[in-house]
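Sharing a structure with you now.
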């Protein structure tokens, strides 16, 4: 009887010990899925004047830390905000050919997502021309922001706005500047200036918005996107 009691006691001790060991095991850390890297654009390059309107878009492969296969989303549009003449496609390849209209200025960008829908930011925006029959003048490429950095904070009472712009025909450009605190109603503060910089007064604190219209003197005119910064 004493042996049976001791055997039962040992079994109970072993069971308690096993249960305690199980309780001490930490659960595995959950795997956090991250988005693929932003694809690097290869072709068409920025400010390119294309010979053909059947264009093979190319980009470098994205990397994915979890080993998921990236799916690429490409957007092509006739305005820099991607709201007009929008063409888009998805693919797992790193190139795709698409035929566009001739004699048209286009913008394109790309992003990558994985099979679990984790999506990268869009790439930078490139613009290019499809060459048209009998085209004698191209409108300027969209102005590019130089300074101040988008959504930056400024403390001075004035700021030197800077931008750059190019023209496929090599025409000299002049600029109109629109500036203000309401992005739906900007004031024209300069017209037909040839320099690509302008000193603007910051009379109040708060958010400021501005945009550039580039003109080539031959009727070509391109409206840039609205940029912003904040005066502290």
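Can you report the principal axis dimensions of region 137-232 using only the alpha carbons, biggest first, rounded to whole angstrom?
43, 22, 18
Something else: Antiparallel versus total DSSP beta bridges in the chain: what percent is that, nearest 5?
Antiparallel bridges make up about 90 percent of those DSSP assigns within the chain.
Hey, in the GNM for the chain with a 10 angstrom Cα cutoff, which one of 156, 216, 187 fluctuates hardest?
156
Same structure again: Return the FRET efficiency for the residue pair residue 65, residue 98: r is the Cβ-Cβ distance, R0 is 25 Å, and the value is rounded to the nearest 0.05.
Once the sixth-power term is evaluated, E becomes 0.25.
Counting helices only, and only those DSSP H runs with n ≥ 4, report the 222 nm mean residue ellipticity of the chain as the sum of -39,500 (n - 2.57) divided by its residues, in deg cm²/dmol to the nearest 500. Walk me through the intermediate numbers first.
Working: 1 runs with 22 residues, N = 232.
Result for the chain, helices only: -3500 deg cm²/dmol.
A further question on this structure: Please give the helix 2-23 orientation as an angle from the longest Cα principal axis of the chain, in degrees from 0 to 90, rounded to the nearest 10.
0
What's the FRET efficiency of residue 31 with residue 91 using the Cβ-Cβ distance as r and R₀ = 22 Å, to the nearest 0.05?
Calculated transfer efficiency: 0.25.
Roughly speaking, what is the centre-to-centre gap between region 52-110 and region 156-232 when only Cα atoms are used, to the nearest Å?
Measuring centre to centre over Cα atoms gives 29 Å.
Less than 14 Å from a label point 7 Å out along the Cα-to-Cβ axis of residue 43: which backbone N atoms in region 59-100 qualify, by residue?
Label zone hits: 59-60, 94-98.
Would you look at the GNM of the chain, springs on alpha carbons closer than 10 Å, and say which of 28, 143, 70 moves the most?
Top of the fluctuation ranking is 28.
GNM, the chain, Cα, under 10 Å: largest mean-square fluctuation among 31, 136, 98?
Highest fluctuation of the listed residues: 31.
Here's a follow-up. Once you sort the root eigenvalues of the Cα gyration tensor of the chain as a ≥ b ≥ c, which label holds: rounded (a/c under 1.5), prolate (a/b larger than b/c) or oblate (the other case)? The partial results should precede the final answer.
On the way: a/c = 5.32, a/b = 2.09, b/c = 2.54.
Oblate, because a/c is 1.5 or more while a/b does not exceed b/c.
None of the figures in this text is laboratory data; all of them are computed from the coordinates on show. Predicted model only: the values in this text are computed from it and were never measured. Virtual Cβ from ideal backbone geometry, glycine too; neighbours counted across all protein chains shown.
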